[in-house]
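The values are calculated or read from the model by the stated rules, or taken from the named source; none is laboratory data. Since we're looking at a predicted model, the values are computed, not measured. Glycine also receives a Cβ, built like all others from the backbone with ideal geometry; neighbour counts cover every protein chain displayed. Surface accessibility is based on the protein's heavy atoms, side chains included, excluding ligands, DNA and RNA. Shrake-Rupley method; radii C 1.70, N 1.55, O 1.52, S 1.80 Å.
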Amino acid sequence: MLLVQFLLLSSVLFCIGIYGVLARKNGVMVLMSIELILNAVNINFVAFGTMTNNIAGEVFALFVIAIAAAEVGVGLAIILLIFRNRNSIDLSSVDSLKG
Amino acid sequence: MVAQNVFFGIIAFVMICSAFKVVTTKNVIHAALWLVVVLAGVAGQFLLLGAEFVGVTQILVYIGAVVVLLLFGVMLTKASLGEEADLNMPNRVLPAVIAALMFGVMTYALIDTFRDTELPRESVTNAAMVSDSIFADYIVPFEAVSVLLLAALIGAVVVARKE
Amino acid sequence: MVALSAFTGDAPTSLIQAGGWFLEKAWIIPALPAISFVLILFFGKRMKYKGAELGIVSIAVAFIFAVCCAGQWIGQVNNADSHVEHQKQHQEEKHLDDSHNDGDHHETLSEEIQGTYSNELELASGQDLTVFAAAEEDDGHDAVGIKPVVERFTWWESGGRTFQVGIMVDGLAVMMLFVVTAISLLVHIYSTEYVAGDRRYTHYFAFLSLFSSSMLFFVISENVLQAIVGWELVGVCSFALIGHWWEEKPNSDAALKAFLTNRVGDIGLLIGMSILFWSAGSWSIIEINNAAINHEIGHSTLLVASLCLTAAVMSKSGQFILHTWLPDAMAGPTPVSALIHAATMVVAGIYMVARLYGVFFEGYDIAGSSFNILALVGSVTLVGAGLLAFVQDDIKKVLAYSTVSQLGYMVMALGVGAWTAAVFHLFTHAFFKAGLFLGAGSVSHAVHSFDMKKSMGGMRKFMPTTYKTFVVCTIALMGLPPLAGFWSKDEILVGTGGWGMFGGTGGNGTYVFALVMGIIGAALTCAYMTRVIYLTFFGEFRGDTHGHGDPQESGKRITIPLVILAAMATGAGFLNLPVGFLSGSKSGWQERFGHYVEPVATYFPPIAHGTPSWSLAIFSTVVALIGVSAAGYYFFIKVNAQSPASTELANGLTEKNRIAKAGHTILKQKYYLDHLYTDVIANGTKGPVADAIYWTNQKGIDEAVNQVGKQTARVSTFVYEKIDQNMVDGVVNLSGRASEGLGETTRTIIQRGKIHQYAAIMFAATTILAGLLIVFV
C-alpha cells in the first residue's frame, strides 16, 4: 500500500467536510461536517504513524477522538441554547456578531 | 497486498460517496446515518493500517456515542423527520469552489511529496503497545485530555440546562 | 605549567562544587511568600493585623535566608581564591622540582598534558553545568571553577522529553534574591501605614506576597520554561496591584494597558525561548548558554532569538517604544510602584538578558562591534524618557520616566557588553529608586495628591526626614560622587569602550553613540530631578489641606524604610569601586561586587572589561553638575525670584520660542505614542477600516448601484419614447440587479456577522496561502 492513497482519501474527506461546514445552514449538519474533518485528520495521524513506525500517531488519534467527543457535547449544548432562544437552528440567522 | 488495495478501494469509494450524501442529503436523519457509514469506513481504514485499537475505539466512540448524541440533537431541536427544504445556504457555489481549490492544493502537495512512499507491511499494533505509550510517554497530554473532557461535560451541562 | 594562568585565561584550572545548606535550599526563599499568599488569602481577614503580619514575617524570613545565601556564596568564592593561591604555591614548588631534574623535556611534556587536560576540562565542564568564579589575583586572571548550586527534579515527561524544575544559584541569583527580598521587606513595612484602612488591605498583602514569590521564583529558575512561568506570574501580579483601586476607570485601564502591552512582548519571549529550546535541545539556561557560546547554534538563529527576546525586554523593562505602560502603571498604590515598577519586576527583563547573556553576546556580536539593537534601544530610551520626565507634573510620573530612563542605562550597558556594570546599576538603582518612590509616597500621604505644581512646594519644612532621604536618593540617582549612582553609571560609561578621547582602553567594542547618549542622559537626569526637588520641597506650599493645618511628617513605619534606603543609596556604590581607585592593602576592596557576582564560566561569554579612567569620571561629573546648575539656576533663582509660589517662569522659553513650544507639546503628548497605539492602530483597525469598508459598501457600491440604476432609469425614461422600451428596460433592470447583487455580496462577505462568510474567508485565505507556499517555496 502507498502512503499517498490514505492521504488523498483523507484530503477528500476533509474537503467534503469543509464544503459541508460552509454550505449547511442547520447547526447539527455543520457539526456532522466537522466530524468528517476530524476523521480526515485521524486518518492522517494513523497513516503517518504507520509510515514512521511510531505509536504516537495512534495515541494522538485517540486523543482526537476524545476531543471530538467533547466538542460534540459542547457544540450540541450551544446549538440547543440557540434553538431555545431563537426557536431555530438556522445558522444564517445567527448574526448578532455583526460590527 | 493486492487484497489490501482492493479493500482500500472499495471502502474508500463507499466512504466518499457516503460523505457526499452527508453534506448533500435533505434529510437530517439520513445525513446522520450516512455519517455512520463514513465513520465505519474510517474504522476499516484504521484496521487496514494495522491500528486495531484505534479502529475499535472509533466504532465505540463515534458510532456508539457521537452519532447517538447527534441524533439526540436532531430530536431536541425538533427537526422534521422527513425532507427539509431549508437545510442549505442559498449560495453553495462559493463553498464548492473553496473546497475544490483546497483539494487541488492538497492533492498537488501530497502527491509531490509522498509519491512513492510505501507503507511498511508488518506494522500491526495492539492495545498493549498503545496503552504503554499513553501511560508512559504521553501521560501529561492524557491527563490534560481528561481534564478537558470534564470541563466539556460541565460546560455542556451549564450551557444547555434550563434556568 | 608555570605559564598556566597565561594560557588558560579565564578558563578553569580546577573545580569546586559550591555548597552550603542555604544555597542548596534556596527554593525555600520563594516558597515562603507563596505559602504566605495562600494563608493570607484564606485566613488573612480573621487575623489581628488583617494578614499583614503573615506577609511581613514570611518576607523577613526570606530576607534572612537570602542574606545567608549571600554569605555562603561569598564564602565559597573566597575559598576558591585561597584554593588558587594554594595551588600556585604548590605549582611553584613542583616547578622547582621539575627544573631540578632535566627540566626542558619534562616541562614541554607536562605543558602539553596540561593543555589537553585543560581543553578536556573545558569540554567536560560544558556538559557538566559548571560555573567558574574568577579569582582575580594581583598578577593576572587565575580562575578556579565553582559549580553553581543546581538542584533539579523532573516535573513531567511527555513523548520522551523531560521537563524539569529546579534552582540555579550563582552570584547573580544571590544578588537578586537579596535585592528583591530587601526591597520587598521594606515595602511591606511601609505599606502597613500607607494603605492602612484600605478596603482591600488583606487582598493587597496577599498579592504583595504572591508578587515577591513569583519574582523570586523567576530569579532562581534553572531553566527558561520555569523562567517563563515566573515572568508571567509577575505580570499577573502587576496587573492585580496596578488595578488595586479598580473602581476608578483610569486605574483599571492602566492595569489592562500594562497587561496587554506586556503580552505584546511575551509573544516575543515565547517565540525566542522556543527557538532556543529547539536549537539547543534543552530548556536549561546553562546548556542554552553553552550551546550559544560554543557556536553550536547558528549565528542567524541566535540573532532571531535575541531579537524576539529583546521585544520581551522592551515590554517588561519599559523600553522605548513599549514603555508607555510604565508611567500609567503609577495608578497603583505607591509602595507597589516602588516595588514593582522601580526595583524588581521591571528589572526582570534586564535579569533575563543577564542570565542568557551568552545568547545575546553571540547573537548581537557584541564584542568588537559598534552597534546593536540592544544598545540602540537602551540609549534611545535613556534620552527619550529623560526628556519626557521634564514635562510631567505628577511626581510619580517623573519618577516613572526616570525609571524608564535608568532601565535604558541597564539595557544599553548590556548591549555594549558591560555586564557587571548593568547588573551593578540594577543593584544600586533598586535602592535609590525605591527610596525616591517611597519618599514621593510619603509626601503624597501628607498632601493627598501627586501633583507637584498644585499641591506641593515647600515640603522640606513640614517633612524633614522625607526631604533629607529624598535628596540623598536624588543625588544617588543623579550620579554625583560619592553616592551609589555615580559608581554604577561611571562603570556603564567605561564599558561603552568608545571613549578613546578620554585616553582609556578596554571594553568590547567602540560604542561611541552609547557613550554620548549616556552622558546626555546623565545631564538630563540631573536637570529633571532638580526640578522635582524644587517643585516638591522648595518654594511655597501650594496645596490645600482643607483646614487640617500644615502637612505632617509621616509615621515611623514610613520614615524608617526611607532612612534605610537612603543609607543603602549612599553606601551601595562602594561595593564595586573601580580598579585602580585604591592601592596597596586597600586594593582588595576594588570590584568586590563584580568579583562575587560575575561568573567566569563556560556558560558566560568572554566579555572584556573596560579600564576605568579618571578623565571620563571627571567629565561625566562635570556634565552632571552642569545639568544640576542649569536647572537649579532656572528654578531656585529665576522662578523663585519671580515668586516663591510659582512653578515656572511666566514668559519662559516655551512661551517665547516656537520651536521650544513645539518640543514641549511633543513631550507633553509623550511623543504621541499613545495616540499612535490607540487612535491610529487600535481604532484604525477597529473603526476607520471597518467604517471605510462599510462606507464603500453603503455609499460607494450601493450608491453607485443606485445611481447607475437611477440614472439609467432616467435615461431609459428619456429614451422610452424613442427606442424600443422592452429592450432597454431589460438591459437596465439586468445591470441594476446585477450590480445590486454585487454590492449585496460584498457587503455580506465582510463584517456582517455571518459566521459562514467568516469561515469561507478563513478557508479561502488558508487555501491561497498554502498555494502560495507550494508555488514559491
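Observations, loosely collected:
- Meets criteria (assigned to a loop (DSSP other than H, G, I, E, B), crowded, with 21+ Cβ neighbours inside 10 Å and aliphatic (A, V, I, L, M)) for C:L269: no
- So A:V4, is it at the interface with chain B (Cβ under 7 Å from one of its Cβ atoms), part of a helix (DSSP H, G or I) and in contact with an Asp or Glu (Cβ under 7 Å, 6 or more places away or on another chain): no
- The set of residues from segment B:46-76 being β-branched (V, I, T) and open to solvent by 10 Å² or more (accessible area, probe 1.4 Å) comprises B:V56, B:T57, B:I59, B:V61, B:I63, B:V68.
- Among the residues of segment B:3-47, the ones that are among the basic types (K, R) and farther than 20 Å from B:V68 by Cβ come to 1 in all.
- Any hit, segment C:398-409, residues being modelled with pLDDT of 85 or more and either among the acidic types (D, E) or outside any helix (DSSP H, G or I) (or both): no
- Against the numbered list (1) open to solvent by 10 Å² or more (accessible area, probe 1.4 Å); (2) under 21 Å from C:A759 (Cα atoms), A:T52 comes up short only at (2).
- Segment C:358-376, subset in contact with a Ser or Thr (Cβ under 7 Å, 6 or more places away or on another chain) and open to solvent by 10 Å² or more (accessible area, probe 1.4 Å), residue nearest to C:A434 (Cα to Cα): C:I373
- Filter result for A:I82 (under 19 Å from B:A156 (Cβ atoms), open to solvent by 40 Å² or more (accessible area, probe 1.4 Å) and among the β-branched types (V, I, T)): no
- A:G27 satisfies every condition listed in (1) within 11 Å of chain C (Cβ to nearest Cβ); (2) buried (at least 21 other Cβ atoms within 10 Å of the Cβ); (3) free of Cβ contacts under 8 Å to residues at least 40 places away in the same chain except (3).
- Considering residues of segment C:127-159 that are of a type in the set (G, A, S), farther than 17 Å from C:N223 by Cβ and out of contact with any strand residue (DSSP E or B) (no Cβ under 6 Å at 6 or more places or on another chain) only, the residue modelled with the highest pLDDT: C:G159
- Looking across B:F142, B:F114, one residue alone is modelled with pLDDT of 85 or more, under 21 Å from the mean Cα position of the chain (by Cα) and surrounded by 15 or more Cβ atoms within 10 Å (Cβ to Cβ). It is B:F142.
- Helices (runs of 4 or more DSSP H) enclosed by segment C:302-357 - at least 2 residues per element that are surrounded by 24 or more Cβ atoms within 10 Å (Cβ to Cβ) and aromatic (F, W, Y): none
- Of all the numbered requirements in (1) modelled with pLDDT of 85 or more; (2) in contact with a Phe, Trp or Tyr (Cβ under 7 Å, 6 or more places away or on another chain); (3) outside any helix (DSSP H, G or I), C:V380 misses one, and that requirement is (3).
- Residue match in segment B:17-33 (condition: open to solvent by 10 Å² or more (accessible area, probe 1.4 Å), more than 7 Å from chain A (Cβ to nearest Cβ) and touching a Phe, Trp or Tyr at 6+ places or on another chain (Cβ under 8 Å)): yes
- Entry remark, segment C:36-87: residues being more than 18 Å from C:M176 (Cα to Cα), open to solvent by less than 50 Å² (accessible area, probe 1.4 Å) and either touching a His at 6+ places or on another chain (Cβ under 9 Å) or of a type outside the set (S, T, Y) (or both) number 13 in total.
- Filter result (farther than 18 Å from B:V37 by Cα, hydrophobic (A, V, I, L, M, F, W, C) and within 7 Å of chain B (Cβ to nearest Cβ)) within segment A:13-24: A:I18, A:L22, A:A23
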